[in-house]
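First the structure, in the form of structure tokens, and then the observations on it.
The values are calculated or read from the model by the stated rules, or taken from the named source; none is laboratory data. This one's a predicted model, so the numbers in the text were calculated from it and none came from an experiment. A quick note on method: Cβ atoms are made from the backbone with ideal geometry, for glycine too, and the neighbour counts reach across all protein chains shown. The protein model used for the area step is the full one, side chains on, heavy atoms only, and it has no ligands, DNA or RNA in it. Shrake-Rupley method; radii C 1.70, N 1.55, O 1.52, S 1.80 Å.
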Amino acid sequence: MMNWMPKAVRRAGAGVVEWARAAMFVPMERLLPVDRSTWCFCTWGTYPHTLDNPRAVFERVKDDPSIRKVVLTRGGVAPVRPVEGANVHIVDAGSPRGMYWMARAAVVVIGYSLRNMCSYSRFLTAKHRIVQLSHGVALRRICRMAPGEDWWARETPRYAATLCSSERDREIMAQAYAPVPAERVWLTGLPRNDFIVEPEERLPADYRRMLEGLRREVAGRRLVLYAPTWRRAGRTHYAFTAGETAALEELLAAHGAVLGIRGHSNVREHAAYTREYGSGAFIQVNELPDVAMALRVADVLVTDYSSIYIDFLLLDRPVIHFVYDRAEYQGERGFLYDLDEAFGGPAPETFAELLVHLEQALARPALHAERRAHANALFHAHPDDSAQAVADRIRALAGAAPQPDAERVPATAPAATAA
């Protein structure tokens with residue numbers, strides 16, 4: 001609505017809004033007592049509910065009336081209807097009610113960073129238990145280990161706990177989210193993986209709708225999911241030439257398949273992925289809010305260095321790593337594993353090699369099963385129900401949360417029923 005204004009004016013206006021929110025939140029946070037029964041689940045983007053690891057944990061506690069689940073959304077979007085669960089509140093993070101519940105929360109569950117959730121979250125003090133669930137097993141350097149991301153050093157000391165999926169991953173998470181104590185790097189696996197492997201009837205209603213919509217678009221064909229990671233300097237994905245596009249179309253048609261292209265959420269030029277390829281052999285899956293639903297449907301995953309394949313390993317289906325810029329990417333971010341050991345399938349570096357491996361994956365899905373099993377064992381050493389394991393640990397953590405004196409509640413505090 002305000003896009004007609006000069007950028008400098010919009011930035012100044014946003015700065016005033018953020019200052020006003022901080023001025024409102026800080027007294028609330030300092031004066032209101034923590035409520036042990038209140039858990040805030042932080043989302044990102046414009047989806048009207050939380051996603052990924054926070055959502056999977058939410059699903060394990062949503063029917064418990066003793067826990068007040070506050071889902072903090074962004075952008076003023078309308079909530080998912082119907083809202084499933086007992087004692088669930090979906091609130092705009094930028095509203096006074098959102099700030100009130102954040103100030104009261106014993107537990108704040110995040111999947112990326114506090115600063116990406118809401119500006120005032122930087123004023124949270126140690127009386128809240130901030131649980132960093134991350135959003136993937138780290139294959140590349142992340143957070144405090146990543147070059148050029150110094151701001152993590154100001155945020156991670158405020159975390160109470162994080163999680164991992166193997167002993168090697170525990171070592172990495174301990175460095176990435178230091179100084180979280182070793183006993184608070186929980187070996188639970190990623191809660192979001194439950195969305196990939198659990199029976200469909202256990203999925204929440206909005207996830208089942210995502211799944212149904214994707215199946216309608218795939219229309220009975222086999223799905224090859226192409227999901228590359230993001231790259232710095234504005235690079236988005238491999239640009240198929242006209243000849244390569246024709247070769248892909250021919251191969252897909254021969255196997256009754258379709259290529260679903262999904263860009264990384266950090267790159268917003270998603271539409272370019274399908275504007276360039278007008279054939280019915282290509283579909284876009286960027287609008288699917290949670291990629292776990294695409295992984296459930298996919299017969300083959302084509303990725304690169306994205307850790308999405310680590311989730312997909314749980315299904316024991318073919319993985320291809322298309323690493324056309326391997327040397328360049330290695331210098332950009334660096335890796336935490338030997339890729340030849342960690343990859344779950346072949347790693348072609350040219351389109352011609354990619355086509356050969358894609359043909360093999362569609363014709364002989366069991367090929368490279370031993371390699372997938374090796375990678376799966378490397379990354380997954382955790383309980384089957386990761387979301388429940390994390391929920392149980394958060395319950396224990398919430399019970400240990402310090403409680404300010406009740407007498408410090410100001411008379412002007414919003415009523416508990418405000419949300």
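Given an 8 Å cut-off on Cα distances and at least 6 residues of separation, report the relative contact order of segment 297-379 as a percent. Walk me through the numbers on the way to the answer.
Numbers: 103 pairs, mean separation 29.7, N = 83.
Taking the mean separation of contacting Cα pairs over the length of segment 297-379, I get 36 percent.
Less than 14 Å Cβ to Cβ from PRO79, Lys/Arg counted +1 and Asp/Glu -1: what total charge do the surrounding residues give?
Values: positive: ARG55, LYS62, LYS69, ARG74, ARG81, ARG97; negative: GLU84, ASP92, ASP206.
Residues near PRO79 contribute +3 overall.
Given (1) 72, 51, 40; (2) 67, 51, 51; (3) 71, 51, 43 as candidate values of Cα extents along the principal axes in Å, which corresponds to the one derived from the coordinates?
Among (1) 72, 51, 40; (2) 67, 51, 51; (3) 71, 51, 43, the one calculated here is (3).
Kindly state, to the nearest 0.05, the FRET efficiency for ALA377 paired with ALA182, given R0 = 25 Å and r defined as their beta-carbon distance.
Details: r = 23 Å, r/R0 = 0.91.
For ALA377 and ALA182, the calculated efficiency is 0.65.
At a threshold of 8 angstrom on Cα-Cα distance, excluding pairs fewer than six apart, so keeping six or more, what relative contact order does the chain reach in percent?
Values: 745 pairs, mean separation 76.7, N = 419.
Computed over the chain, the figure is 18 percent.
What accessible area per residue, rounded to a whole number of Å², is obtained for segment 313-371 using a probe radius of 1.4 Å?
Working: 2660 Å² over 59 residues.
I get 45 Å² per residue for this part.
Could you give the nm distance between label points at GLU349 and PHE335, where each point is 7 Å from its Cα heading toward the beta carbon?
1.2
For the chain, give the percent of accessible area contributed by carbon and sulfur heavy atoms, probe 1.4 Å, rounded to a whole number.
Details: 9420 of 17530 Å².
Carbon-and-sulfur percentage of accessible area, whole number: 54.
How much length would be gained if the chain were fully extended between ALA78 and ARG208, taking 0.36 nm per residue of separation minus their Cα-Cα distance, in nm to one decimal?
Between ALA78 and ARG208, full extension yields 44.9 nm more.
Could you check the spin-label model distance between ALA23 and ARG395? Points 7 Å from the Cα along Cα→Cβ, value in nm.
Once both label points are built, they end up 4.4 nm from each other.
For segment 325-347 and segment 180-259, what is the centre-to-centre distance using only Cα atoms, to the nearest Å?
After rounding, the separation between the Cα centres reads 20 Å.
In the Gaussian network model of the chain, springs joining C-alpha atoms below 10 Å, which of ILE90, ILE310, ILE67 carries the largest mean-square fluctuation?
Highest fluctuation among the options: ILE67.
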